[in-house]
Amino acid sequence: MLQRLTIQAFQLIYLAVSGSWSSANTAELMTIVGIYVHAFFLIFAFAFPIVVLTLEAIGIRRGDEDYIRMAWNGSKLWGITFAAGAVTGTLVEFGLIVVWSGSLALIASMAAAPLMLELYAFIIEIVLIGTYLTTFWRFKRRKWGHLLIGLGVLFGSNLSAYMILAVNAWMQVPWGTGNTVSHLFLPWVPSLGPLVVNPVKLKLLATTLPIVGSSLLSSPGAFQLLSNFTTDPWIAIFNPEVYATYLHNLFAALIITSFLASSYFSYKIIKRVGDERYSWKGLRVTFLVATVASFLQAFAGDFQGRELYLYQRNIFDATEGIPAKGGYDPIMSILLYGNLNHFFPGTNYLSSLLPQGDVLGQLTIASTNTYAPVLHLLYYTMVISGVILIILGIGYFGLYSTIIRKIVQSLLRIREETFVLYGSFAGAFLSILAGITGWATRELGRHPWTVYGVVTYNDVVNSRIITPLFTGAIILLEIGIFLAGLWGIYMIFFKNLKRGGGSH
Amino acid sequence: MVPISNVFWGLSTVAVTFFFHIFLVSVVLGLSVIIPIYEITGYLKGDRYYISIARKLTSYLIRVDLFAGVMATWLTVFLGAYWPSLVYIATNVLLYPVSLAVAGIMIAIVSMALYWYTWDRMGRRAHIVVGLFMAAGALMVPFGMSSIISLMDYPYGVKVTTSLGLTFFTSNGKNPLMNPVFLPLALFSWFATIALTSFIVLYYVNSRAVRETGPAKNYIPVISAIISSVLSLLFLYLALSRLELYYVNSRAVRETGPAKNYIPVISAIISSVLSLLFLYLALSRLELYYVNSRAVRETGPAKNYIPVISAIISSVLSLLFLYLALSRLEQYSPYLWSALKSSSVLYILIALSLLVVLLSIISIHLKISKYSSLTGAVFSYFLFMLFEISSNVSRYPYMIVTGNTGITAQTFANPLYGIPVSIPIVGFAIIALMTVTFLFTLYLAFFVYPVEGGHHGNVDV
């Protein structure tokens, strides 16, 4: 498999260097970098409020100012990460409209309602972040009132994330299209909810875009041919896939941010910066949050996997490493069917379902087979990372349980405290790795589709040539923003430590 | 058939968010330019007063920019949802100018956050460089975005073809930044916003200072500053006209061979140098006037020449580019021009612009500036908003003006389905609620718990 991966990597490099990449390939590269940079910052807006509010709530409940000070310090991170997140969010949004301009058809149709609701969530979040930071330390009597403002931030950020993920989920599983997808291109796809999208118009869109590309939208009159597209613009919000995706992403973001926070406290303890007792308080809480989230993530991951099996069988085959001719997967078999012997038919079977002349269906199978080794590797990197995170979480309870403490000490030959200190770094690394590979699996697996079974990447890319120079400039900018954001975090949280810090 | 509710709510949502957006970003742009000037001056003069003002203004900038940025996102999504074809045409033809604006947004916001959070935490020069990035990014945004407005006023660079009874709008390969309407509009946006922010800053610094005695009566530097300014403007006009002549000449001969006439270019360069020289003289004379005002030197207002000079320069330039923009609209967008003219807005704009210039000049006088700064802020705001609103509304019922006619808004509205009316209504309610919350937060931040230095950007360990 390693050899195959190497060959694929060289093929990609050759295509890029020789200029054989299409606009869609080049545009995809800048989108990938942009989304990952955006994701790194947005997770702090998405899930970090849970960590901050937990610390604040403990502080208020126990009357311990240390926790409140930790919440205050943590909330400062919102400023820089929110700025970088908003910037890269703008980039992704404009990228969607400018580079993938055909996706305007999606924005104007099924994504309109969730995206507009996302705007409302966004303004709630941003205004309340300002109020939260401005009024910190100002509520002398009604401290819970300040926490309430923080809950408003959490509500705004999560509603925003839910709505964005609803759009992404609709691109994975176009809910509300009934049997249209299976009739059009991908016969293995089951019925995708009630039929609220006009099948004639959807078919017209799906068959016209590959011919004229995104320039369909350059004619307002042509776009009017798609009138009466849907009877239920809210359907994307109630897509079962978004429930799984939201929970899976929320827990992933929470694990990453809380492990990063615990790594910060561990770093201070190891480097003997500041008050050790203070840092241990923070470490215990943040590690616990990460642990709880890791446990819950197991269920959310299972939920997500079931959705994949149900609605995107070809991607499931690739991620699980089911051979093209089919095969057995005891773990999946017991999880899905309750026995060890279920036979999973591979992509050859799916291919046999394709009607004559279904070029896009064949392209889908070819793409799945091409990317299968990469998808399998990415997927299992995520799964194994997740399993190790759970083990780390169990080990954490050695701080409270003598039995677990003894197991940790006898297996690893280190003190429980050392395990927790260095486990934080391992947790941060593994959770980021799981996040990167998990999202890559999701997006790479959908190739060649933008909206699974409806619209491909090539159909929505801007009809103007996306040059390598333009792509390179945007990628440089994205990396620049990423580094600037990291630099800001360093200046706020680490430079002070190097100076010797001081007692809180 | 396009649902009529989409046309109505599409226009309403875009109008409301555009109004909120430009109302706030005008100050963001101006402050992004003025703040680094304050900081640089502070370091050059070794005077903490300027740095302290820069820091307080940044605190305001950060908060306003967050709200303004959200409104920009609202505007983009509403445009995409209600006017997909228009957005497609704009982004297809204007791929590079719009990308420039997006890059500007990213540079500006990141620099702004770094600028604020790293105050006193990094080297002086590095911090100033971050501030200059902030200014450059902020200036790039209206520069790129003005290309969209220009395209709607005069679709330069757009190829209109008809096939199968359908009309298609695609790029004809011409550089949209060469749209004759574009540059005056972009530059008017720059200078009008810098002018209005200068007045606001002037009012702010005046209100902070305690003035015990009047200014010195030495008017010689003022007179020489005025003369230098006039000469500077004259040479600027010459430089621009020479450049335009070169551009027109080179375009005219492009089809028959390259133009060999470099005399306009040389004279433009000489005029530019002279313009800058006289500008420098004008600035140094004005500064001298303030420094001469010994009676008030210790209490603050003597150091307020930055917003005064900035207001004068930018208001004069905004008048110049307003004139240029209107004359270009007359030439290239007759429908829009006649709509502006028939509603008398044209005359109000010119009158307001002249008034703003006058107010900026009389703000040189310390006693008067207390009143003229506030009046200037109000009038320059009114000028900027009136121009933006009237020039956009005057296109109606068209979305893109083509000579004496245009393409109607209804043609561009989302035809796919009627977007539920509850969505924009809820949106307006949330805007109202969040605006109140935002203003309340600003009130708390500036009047109840004002920023007064300290290590706000650093964690306690």
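The test for being under 14 Å from the mean Cα position of the chain (by Cα), within 13 Å of chain A (Cβ to nearest Cβ) and either at pLDDT 90 or above or not in a loop (DSSP other than H, G, I, E, B) (or both) does not hold for B:Leu61. Of all residues in region A:122-144, those satisfying the criterion of being closer than 18 Å to A:Leu159 by Cα and either more than 10 Å from chain B (Cβ to nearest Cβ) or of a type in the set (Val, Ile, Thr) (or both) are A:Ile123, A:Ile124, A:Ile126, A:Val127, A:Ile129.
Filter region B:1-33 down to the residues that are within 12 Å of another protein chain (Cβ to nearest Cβ) and aromatic (Phe, Trp, Tyr), then identify the one that is nearest to A:Gly221 (Cα to Cα). Among them, the one singled out is B:Trp9. The listed residues are A:Phe185, A:Phe238, and the only one of them that is in contact with a helix residue (DSSP H, G or I) (Cβ under 8 Å, 6 or more places away or on another chain) and within 21 Å of A:Tyr311 (Cβ to Cβ) turns out to be A:Phe185.
Looking across region B:123-147 at every residue that is under 17 Å from B:Leu24 (Cβ atoms) and not aliphatic (A, V, I, L, M), the one that is farthest from the chain's Cα centre (by Cα) is identified as B:Gly137.
Total residues in region A:301-318 satisfying the condition of being under 17 Å from A:His447 (Cβ atoms) and assigned to a helix (DSSP H, G or I): the figure is 8. Only one entry in B:Ile53, B:Ile34, B:Ile89, B:Ile40 is buried (at least 19 other Cβ atoms within 10 Å of the Cβ), closer than 21 Å to B:Phe191 by Cα and of a type in the set (A, V, I, L, M), namely B:Ile34. Of all residues assigned to region A:151-169, none qualifies as being in contact with a strand residue (DSSP E or B) (Cβ under 6 Å, 6 or more places away or on another chain) and buried (at least 18 other Cβ atoms within 10 Å of the Cβ).
Considering A:Val285, A:Val292, A:Val242, which residue is under 25 Å from the mean Cα position of the chain (by Cα), open to solvent by 30 Å² or more (accessible area, probe 1.4 Å), of a type in the set (Val, Ile, Thr) and more than 14 Å from every other protein chain (Cβ to nearest Cβ)? From the options A:Val285, A:Val292, A:Val242, the qualifying one is A:Val292. Of the helices (runs of 4 or more DSSP H) that lie entirely inside region A:319-414, those containing 3 or more residues that are within 28 Å of the chain's Cα centre (by Cα) span A:330-337, A:359-396. I need the full set of residues from region A:210-230 which are open to solvent by 10 Å² or more (accessible area, probe 1.4 Å), in a helix (DSSP H, G or I) and facing chain B (nearest Cβ under 7 Å), in order please. Within region A:210-230, A:Ser215, A:Gly221, A:Gln224 qualify.
State whether the residues of region B:421-442 include one that is assigned to a loop (DSSP other than H, G, I, E, B), surrounded by fewer than 20 Cβ atoms within 10 Å (Cβ to Cβ), facing chain A (nearest Cβ under 8 Å) and modelled with pLDDT of 90 or more.
Taking every residue of region B:421-442 in turn, none turns out to be assigned to a loop (DSSP other than H, G, I, E, B), surrounded by fewer than 20 Cβ atoms within 10 Å (Cβ to Cβ), facing chain A (nearest Cβ under 8 Å) and modelled with pLDDT of 90 or more.
Would you check if A:Leu192 is surrounded by 17 or more Cβ atoms within 10 Å (Cβ to Cβ) and on the phi < 0 side of the Ramachandran plot? When the stated conditions are applied, A:Leu192 passes them.
Going by the conditions given, is A:Ala121 at pLDDT 90 or above and either open to solvent by less than 20 Å² (accessible area, probe 1.4 Å) or over 17 Å from the mean Cα position of the chain (by Cα) (or both)? Working first, answer last.
Numbers: at pLDDT 90 or above: yes; either open to solvent by less than 20 Å² (accessible area, probe 1.4 Å) or over 17 Å from the mean Cα position of the chain (by Cα) (or both): yes.
The answer is yes for A:Ala121.
Inspection of region A:392-408 identifies at least one residue that is open to solvent by 60 Å² or more (accessible area, probe 1.4 Å) and touching a Gly at 6+ places or on another chain (Cβ under 6 Å).
Residues in region A:231-266 that are in contact with a strand residue (DSSP E or B) (Cβ under 9 Å, 6 or more places away or on another chain) and outside any helix (DSSP H, G or I): A:Thr231, A:Asp232, A:Asn239.
The values are calculated or read from the model by the stated rules, or taken from the named source; none is laboratory data. Bear in mind that the values here come from a model prediction, so they are computed numbers and not experimental data. Here the Cβ is made from the backbone with ideal geometry for all residues, glycine too, and neighbour counts use every protein chain on show. Each accessible area value is taken on the protein alone, full model and side chains, heavy atoms only, with ligands, DNA and RNA left out. Shrake-Rupley method; radii C 1.70, N 1.55, O 1.52, S 1.80 Å.
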